[in-house]
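A short write-up of the structure that comes next.
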Amino acid sequence: MQINLRGKSSIADYMVVASGRSSRQVGAISEKLADRLKEEFRLSCKVEGKDTGDWVLIDAGDVIVHVFRPEVREFYQLEKMWMPAGAAAQ
């Protein structure tokens with residue numbers, strides 16, 4: 001899910017929220033994404049939480065990516081925090 005943060009936050013323009021089915025998959029998704037961002041866009045991303053694999057945050061400058069295990073994503077519900085009032089998260 002992509003969330004437009006322009007005008008809502010100074011930390012980034014967009015937030016992407018994704019899920020992996022397990023800690024191993026969350027780690028693999030985040031590692032591959034950080035590698036591709038470096039190779040294709042020459043972005044050196046900051047990565048937090050990769051060791052536990054429950055919730056990995058990738059700071060790519062204008063875009064912040066969160067990769068969760070489903071249970072952790074449901075618990076924090078970041079989509080609800082940043083979506084406009086009345087908007088339905090998919």
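General observations
- Test: residue in segment 26-48 that is crowded, with 16+ Cβ neighbours inside 10 Å, more than 11 Å from the chain's Cα centre (by Cα), free of Cβ contacts under 8 Å to residues at least 40 places away in the same chain and in a loop (DSSP other than H, G, I, E, B): yes
- All conditions in (1) without any contact (Cβ under 8 Å) to a residue 24 or more places away in the chain; (2) buried (at least 18 other Cβ atoms within 10 Å of the Cβ); (3) not in a helix (DSSP H, G or I) hold for Leu57, with the sole exception of (2).
- Test: Ser22 is of a type in the set (Gly, Ala, Ser) and modelled with pLDDT of 95 or more: yes
- Summed over segment 3-25, the residues that are in contact with an Asp or Glu (Cβ under 7 Å, 6 or more places away or on another chain), without any contact (Cβ under 8 Å) to a residue 40 or more places away in the chain and either among the small types (Gly, Ala, Ser) or under 18 Å from Arg73 (Cα atoms) (or both) give a count of 0.
- Look at (1) modelled with pLDDT under 95; (2) assigned to a strand (DSSP E or B) and you find that Asp51 fails only one, number (2).
The values are calculated or read from the model by the stated rules, or taken from the named source; none is laboratory data. None of these values were measured; they are calculated from a predicted model. Note that each Cβ is placed from the backbone with ideal geometry, even for glycine, and that neighbours are counted across all protein chains shown.
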